[in-house]
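Q: One structure, as structure tokens, below. Some questions next.
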């Protein structure tokens, strides 16, 4: 069996793997650039809070209509927006020191979601919602992931300048007449949509895996926001492809495999990345030492 | 458009603590004014209010919205942000280009000229994270140049800068004054204020003095400002004074 067979074979042979790949590639293009902005705004934790926060809404959708993408997405969207705005309120009320309150918020949301789902569902559905099922992605879920990715890329292209400025120098932006709050809201809306899309494949617990890990890794490959966005998407694509192949060949659960590859990419970036990488730091001895 | 900035009985606060208390007066078009005063005197808050970033609690503030350029305090800007110098300067075109329009070739040339004018020729594609505090402040001054606004607000523009940088940046401030722009700067260095700024507002929550620098900064006024600041408490009484 050639190397190419190892890489292409599974996707040629199995339709469900092709669907999983397409879904993950869609996620990989849109979510990581958002993750870059979350990281730069020091909101990395917020993504996690959102991913857990949507669970009660998804549970409500599930209680009404079972495992229907539409119902769960609408429930999740509502819950996600409530949590996103709630996190903003908490952040303002605590003067930016919101991490404790956010941690409290997502624990409560997770517990509430699991409780709601358990009233009606068995452990199979519960684990589907918590851990996702990349290999079980159906048409509605695939369309949703592709739709969200397209919308996100178009929105990022249009809103790039205000998003960067809002992040870099909000006082200047406001003084120059920019409606910072509006752009921030649009941005949070995109994050909620992407978390929902990722939820279809990776479940609540790992939905932000493909959003944040490539973004954090990308920090070590570029000194420019734009470069980071491209690098993060590249790392996410690599992680999706490699993760799916590993899960197929080694019989691993596919969602965690993808996130683990992204995690490995982060470790490699942290050590070997040209920007603030550990190796680069060790090799650059102080010039008086030699 | 009139670049006059008029305050009438203006009160600004953070929560219940008044930062600026019943201040009236005006910054004449084309004036070059320093705002000085003890820490916590409300200097930055007043500047932010003029820029439209802080809503007045009482009184009126008339300022030419949309034609104001603000230099935020260095601490308010993320200096580690992954962005190139030229891209920072290009944000100065915001009032004309807005959120969506592409930056034109002429505008790009203007940004490069501005970088050269602050002594950073060849820095266009350098990430701001690699700059010293002084170089970073020069980049922000280049952005002000590009903004080309009739009113320029500088919040502690020379903090933590070396003499050479201050001297270079003062040249720009003088140039703006010569071009008839209204320039207001929050400053701490009294010698510099006396040397370079014709007008001074001595602020200690209330306006202790506002006028020609030599008079505003006389010993008596400065003593009053210091005594005011020593009498401050963080949770002041609710203001009972008649608003009139």
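Computed from the coordinates by the stated procedures, all read-outs in this text should not be read as laboratory data. Predicted model, so just to flag it, every value in this text is computed and none were measured. Using ideal geometry, Cβ is built from the backbone for each residue, glycine included, and neighbour counts are taken over all protein chains shown.
Q: Just tell me how shielded B:80-92 is by partners: mean number of partner chain Cβ atoms within 10 Å of each residue's Cβ, no decimals.
A: Partner Cβ neighbours, averaged per residue: 5.
Q: At residue A:85 and residue B:116, where each label point lies 7 Å from the Cα along Cα→Cβ, what is the point-to-point distance in nanometres?
A: 5.1
Q: To continue, here is another question. Order by neighbour count: A:3, A:238, fewest other Cβ atoms within 10 Å first, most last.
A: Result, fewest neighbours first: A:3, A:238.
Q: Mind sorting B:70, A:67 by how few other Cβ atoms lie within 10 Å of their own Cβ, fewest first?
A: With the sparsest Cβ surroundings first, the list reads A:67, B:70.
Q: If you don't mind, another one. For a distance above 28 Å, tell me the whole-number percent of Cα pairs in chain B that qualify.
A: 34
Q: Separate question: DSSP beta bridges in chain B, what fraction antiparallel, as a percent rounded to 5?
A: Counting DSSP beta bridges with both partners in chain B, the antiparallel share is about 50 percent.
Q: Then there's this: In deg cm²/dmol, rounded to 500, what helix-only [θ] at 222 nm does chain A give when every DSSP H run of at least 4 residues adds -39500 (n - 2.57) and the total is split over its residues?
A: Counting only the DSSP helices, I get -28000 deg cm²/dmol.
Q: Still on this model: Averaged across A:172-184, how many Cβ atoms of other chains sit within 10 Å of each residue's Cβ atom?
A: Mean inter-chain Cβ contacts per residue within 10 Å come to 6.
Q: With labels modelled as points extended 7 Å from the Cα through the Cβ direction, what inter-label distance (nm, one decimal) is found for residue B:191 paired with residue B:60?
A: Placing both labels 7 Å along Cα→Cβ, they lie 4.3 nm apart.
Q: Kindly provide the helix-only [θ] at 222 nm of chain B, computed as the sum of -39,500 (n - 2.57) over DSSP H runs of four or more divided by all residues, to the nearest 500 deg cm²/dmol?
A: -10000 deg cm²/dmol
Q: Could you calculate the FRET efficiency of residue A:143 with residue B:133 from 1/(1 + (r/R0)^6), where r is the beta carbon distance between them and R0 is 35 Å, rounded to 0.05?
A: After rounding, the FRET efficiency stands at 0.10.
Q: When a/c is below 1.5 the answer is rounded, else prolate if a/b is larger than b/c, else oblate, so apply that to segment B:80-148 with a ≥ b ≥ c taken from the square roots of the Cα gyration tensor eigenvalues.
A: Note, shape of segment B:80-148 comes out prolate.
Q: Next question, about the same structure. Based on the alpha carbons, how large is the Rg to Rh ratio for segment B:11-65 when Rh follows Kirkwood?
A: With Rh from the inverse mean 1/r over Cα pairs, Rg/Rh is 0.94.
Q: If you count, for each residue, the other Cβ atoms within 10 Å and average over each peptide, how do A:179-188, B:198-207, A:121-130, B:17-26 line up from highest to lowest?
A: Answer by packing, highest mean first, reads B:198-207, B:17-26, A:179-188, A:121-130.
Q: Over segment A:3-283, what is the mean sequence separation of C-alpha contacts under 8 Å (at least six apart), divided by residue count, expressed as relative contact order in percent?
A: Reported relative contact order: 27 percent.
Q: Just rank A:160, A:8, B:210, fewest to most, by other beta-carbon atoms within 10 angstrom.
A: A:8, A:160, B:210
Q: Using a basic spin-label model with each label point 7 Å from the Cα along Cα→Cβ, how many nm lie between residue A:157 and residue B:14?
A: That separation, rounded to one decimal, is 4.4 nm.
Q: Let a ≥ b ≥ c be the square roots of the eigenvalues of the Cα gyration tensor of segment A:1-103; is it rounded (a/c under 1.5), or, if not, prolate (a/b larger than b/c) or oblate?
A: Judged from the Cα gyration tensor, segment A:1-103 comes out oblate (a/c at least 1.5, b/c at or above a/b).
Q: For Cα pairs less than 8 Å apart in space and 6+ apart in sequence, what is the mean separation divided by the residue count of chain B, i.e. the relative contact order in percent?
A: RCO, chain B: 28 percent.
Q: Once the convex hull of the alpha carbons of chain A is built, what does its volume come to per residue, in cubic angstrom?
A: Normalising the Cα hull of chain A by residue number yields 157 Å³.
Q: Compute the long axis of helix B:133-147 from its Cα atoms, compare it with the longest principal axis of the Cα atoms of chain B, and write down the angle in degrees, 0 to 90, nearest 10.
A: That helix lies at roughly 90 degrees to the long axis.
Q: Cut-off 10 angstrom, C-alpha nodes, Gaussian network model of chain B. Which of B:15, B:42, B:30 fluctuates the most?
A: B:15
Q: Starting from the Cα gyration tensor of segment A:148-213, take the square roots of the eigenvalues, sort them a ≥ b ≥ c, and report rounded, prolate or oblate (rounded when a/c is under 1.5, otherwise prolate if a/b is larger than b/c, else oblate).
A: prolate
Q: Can you tell me, using C-alpha contacts under 8 Å and at least 6 residues apart, the relative contact order of segment B:80-148 as a whole percent?
A: Relative contact order, segment B:80-148: 51 percent.
Q: Here's another thing I want to ask about it. Report the gain in length on full extension from residue A:284 to residue A:127: 0.36 nm times residue separation, minus Cα-Cα distance, nm rounded to one decimal.
A: Result: 51.8 nm gained on full extension.
Q: Zone of residue A:267 (label point 7 Å along Cα→Cβ, backbone N under 17 Å): which residues in segment A:208-230?
A: Only A:213-214, A:216-218 fall inside the zone, counting backbone N under 17 Å.
Q: A further question follows. If I model the protein assembly as shown as equal point scatterers sitting on the Cα atoms and use the Debye formula, what is log10 I(q)/I(0) at q = 0.10, 0.11, 0.12 Å⁻¹?
A: -0.90, -1.01, -1.12
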